[in-house]
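Data first, discussion second: the structure below is written as structure tokens.
The values are calculated or read from the model by the stated rules, or taken from the named source; none is laboratory data. Quick caveat: nothing in here was measured; it's all calculated off a predicted structure. Cβ: placed from backbone, ideal geometry, glycine included. Neighbour counts: every protein chain shown. Remember, those area values only see protein heavy atoms, side chains included, never the ligands or the DNA or RNA. Shrake-Rupley method; radii C 1.70, N 1.55, O 1.52, S 1.80 Å.
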Amino acid sequence: MSSQKKRNFQIEAFKHRVVVDPKYAEKTWKILEHAIHEIYNHNASGLSFEELYRNAYNMVLHKFGEKLYSGLVSTMTLHLKEIAASVDASQGPLFLEELNRKWMEHNKALQMIRDILMYMDRTFIPSTHKTPVHELGLNLWRDNIIHSTNIQTRLKDTLLEIVQKERGGEVINKGLMRNIVKMLMDLGPTVYQNDFEKPFLDVSATFYRGESQQFIECCDCGDYLKKAEKRLNEEIERVSHYLDAKSEVKITNVVEKEMIETQMTRLVHMENSGLVNMIVDDKYEDLSRMYNLFRRVPTGLMLIRDVMTSHIRETGKQLVTDPERLKDPVDFVQRLLDEKDKHDKIINLAFNNDKTFQNALNSSFEYFINLNPRSPEFISLFVDDKLRKGLKGVSEEDVEIVLDKVMMLFRYLQEKDVFEKYYKQHLAKRLLSGKSVSEDAERSLILKLKTECGYQFTSKLEGMFTDMKTSQDTMQGFYEAMGPALSDGPTLTVHVLTTGSWPTQSTTTCNLPPEILSVCDKFRTYYLGTHNGRRLTWQTNMGSADIKATFARGQKHELNVSTYQMCVLMLFNNADRLSYKEIEQAVEIPTMELKRCLQSLACAKGKNVLRKEPMSKDIGEDDEFYFNDKFSSKFYKVKIGTVVAQKESEPEKQETRQRVEEDRKPQIEAAIVRIMKARRVLDHNNIVAEVTKQLQSRFLPNPVVIKKRIESLIEREFLERDREDRKLYRYLA
């Protein structure tokens with residue numbers, strides 16, 4: 001195979017030199033320079049742009065790009081200086097119009113020049129890192145016109161003056177303002193910022209500082225907020241009409257700082273019109289305006305929240321500690337609910353349902369409700385009033401609303417177990433006297449309590465309903481079995497109550513009339529005969545009776561009374577007149593109960609089936625009682641001193657408190673043992689913290705009581721103290 005011969009190619013220089021006319025560049029530039037002058041003088045219609053483009057193309061091609069570029073700069077500068085003089089010479093309102101017109105013309109001329117010099121723009125300028133034609137035109141306009149000594153200051157002052165006129169309510173040429181501001185923005189962000197925005201913000205700050213001082217001296221809080229809101233909206237509108245969108249945040253910050261932030265403390269505390277007055281007078285619109293304006297500044301909402309919280313706490317404290325208010329528990333709780341509704345509505349309508357405000361409201365209520373140790377009792381009394389008569393004829397939905405409101409107050413209670421104690425007593429009285437409006441409402445509330453606090457909280461309450469149902473069946477069986485033997489005696493209805501479920505008080509003996517006693521003995525015999533291993537104890541303090549009485553002229557009435565009242569009245573079948581001491585000896589009712597019972601029989605207007613001497617509201621030990629033969633009533637059935645839930649007397653209150661404290665001891669001990677079983681070793685402070693955490697859903701345990709329970713557990717050898725560190729406890733298995 002023969003090797004191929006290599007061939008070398010060589011490109012030789014052109015044999016004949018191309019000779020360029022030495023005056024070519026000068027001549028061509030003159031043509032282009034003339035064209036630029038014509039464009040600026042509005043005579044561009046007679047120019048051949050194709051020819052001009054070719055000339056510019058050839059100059060760059062023949063390496064005269066530098067001459068072309070520098071010539072362009074000097075020619076444009078010349079024209080711009082003439083324009084600057086023309087603009088500067090214009091007077092008054094014509095100044096901006098002339099500037100705007102010349103700017104439009106300059107842009108049009110610049111577009112034509114850029115088209116002619118397109119080749120230079122694409123090749124020569126990038127390779128030599130020079131400024132492109134359009135940008136160059138803008139820079140030259142900036143340096144020769146906008147930044148010329150006279151025009152720069154005059155332009156700034158004119159623009160600020162126009163803004164000031166608009167703030168004063170005058171009508172301005174917004175289109176012209178928009179064009180001038182856009183020109184500044186087109187010249188670069190720094191031009192707009194330095195030549196207009198910064199001075200604009202400074203002047204605005206001074207203006208609003210002065211205006212806020214003026215307004216605060218002559219306006220009330222509501223009017224001031226309206227003016228501040230109006231100014232804020234005006235500035236936002238101004239930005240949308242003719243300023244850079246980025247200026248909105250900056251100018252609104254100025255208004256917020258000068259009109260809101262610097263004055264907000266004074267506004268909130270303003271006499272007769274500040275935040276507290278707005279809340280008291282339910283001024284939702286003003287409150288909403290305050291919320292929306294104050295949320296714009298860093299600590300605005302916190303200030304509103306703090307003032308609102310202290311106001312709620314103060315009014316709440318007055319409400320729960322006012323002795324007059326405490327006289328009527330139902331009214332007391334209703335006022336609490338009204339107060340809660342009022343502030344809920346404000347938060348919902350004015351404060352955008354803000355969760356932080358809702359939390360502040362809740363913590364305020366929790367604070368002042370627990371200032372009154374009787375709040376749990378009063379809430380239970382309110383429930384009792386509603387479930388006895390307050391919800392009669394009310395729809396199911398409205399019943400649920402009332403119960404939900406009660407549950408809301410219940411959640412604020414720290415001593416939920418005290419509420420449970422009273423609620424159980426009041427429920428027992430309602431069930432035993434058959435005075436509950438609706439069993440569905442009763443069960444609904446128990447279900448809500450169960451959901452809130454768990455099964456343990458309501459198991460005994462549910463047991464009470466079970467006992468009522470079982471008692472009906474027991475009585476049916478008793479009358480079926482003993483029917484003939486009971487035909488001539490009084491009718492007896494017995495509620496058999498399970499000791500653990502009902503709030504039975506310590507049993508006090510009461511001497512029942514012989515007629516009643518014989519029926520009771522028959523029931524005891526029947527019941528113990530059908531149930532093995534049970535013990536019956538009569539709770540006479542919880543019963544009621546219907547007795548028939550005959551008064552003067554044969555007038556007959558059926559009296560609905562308590563068991564105690566029945567025992568007293570039956571004594572007057574065999575005596576016309578009895579002293580307090582004789583009654584006390586005959587019935588053996590506890591002193592407090594007996595006095596209350598005699599008071600309702602002898603002192604209640606329209607219900608006084610007995611009379612007493614001397615006549616007075618209170619019962620004395622030397623009083624004498626006699627049958628009121630002249631008693632009359634338009635009703636056949638007369639209800640006397642029904643067992644109504646009422647505020648406890650001081651001794652009863654002490655007794656209930658004592659029972660609550662006793663009930664808490666095993667719960668605290670159980671919690672300590674649970675914690676120590678899991679942790680094995682723990683110091684005193686941590687045990688107290690853990691026990692409090694576990695039990696706070698029912699009550700707040702006292703650290704002193706926790707310490708006593710720990711001592712008791714150490715004595716019973718559930719725990720022991722560490723030998724070296726006495727604050728450390730160990731669990732003993």
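Among the residues of the stretch 641-653, is any of a type in the set (A, V, I, L, M), at pLDDT 80 or above and surrounded by 13 or more Cβ atoms within 10 Å (Cβ to Cβ)? There is no residue in the stretch 641-653 that is of a type in the set (A, V, I, L, M), at pLDDT 80 or above and surrounded by 13 or more Cβ atoms within 10 Å (Cβ to Cβ). Only a single item in (1) over 24 Å from Ser247 (Cβ atoms); (2) surrounded by 16 or more Cβ atoms within 10 Å (Cβ to Cβ) is not met by Arg142, and it is number (1). Count of the stretch 697-714 residues, restricted to those that are under 14 Å from Ile672 (Cβ atoms) and among the hydroxyl-bearing types (Ser, Thr, Tyr), is 1. Pairs meeting the criteria (first residue in the stretch 204-216 and free of Cβ contacts under 8 Å to residues at least 60 places away in the same chain, second residue in a helix (DSSP H, G or I) and open to solvent by 50 Å² or more (accessible area, probe 1.4 Å), beta carbons under 7 Å, at least 6 apart or on different chains) are Phe215/Lys227; Ile216/Arg266. Scanning the stretch 691-717 for residues that are open to solvent by less than 90 Å² (accessible area, probe 1.4 Å) and either over 20 Å from Glu420 (Cβ atoms) or more than 35 Å from the chain's Cα centre (by Cα) (or both) turns up Pro703, Val704, Val705, Ile706, Arg709, Ile710, Glu711, Ser712, Leu713, Ile714. Out of Leu110, Leu78, one residue alone is open to solvent by less than 10 Å² (accessible area, probe 1.4 Å) and free of Cβ contacts under 8 Å to residues at least 60 places away in the same chain. It is Leu110.
Looking only at residues in the stretch 392-440 that are basic (Lys, Arg) and within 28 Å of Asn541 (Cβ to Cβ), the one that is most open to solvent (accessible area, probe 1.4 Å) is Lys392.
Screening Glu258, Glu166, Glu237 for residues that are out of contact with any strand residue (DSSP E or B) (no Cβ under 7 Å at 6 or more places or on another chain), charged (D, E, K, R), in contact (Cβ under 8 Å) with a residue 12 or more places away in the chain and open to solvent by 20 Å² or more (accessible area, probe 1.4 Å) leaves exactly one candidate, Glu166.
Taking the stretch 255-312 as the region of interest, the helices (runs of 4 or more DSSP H) fully inside it that hold 3 or more residues being of a type outside the set (A, V, I, L, M, F, W, C) are 284-294. Within the stretch 363-391, the set of residues being of a type in the set (Asp, Glu) and open to solvent by less than 10 Å² (accessible area, probe 1.4 Å) comprises Glu377, Asp384.
Within the stretch 240-255, the set of residues being over 17 Å from Gly168 (Cβ atoms) and exposed (fewer than 15 other Cβ atoms within 10 Å of the Cβ) comprises Ser240, Ala245, Lys246, Val249.
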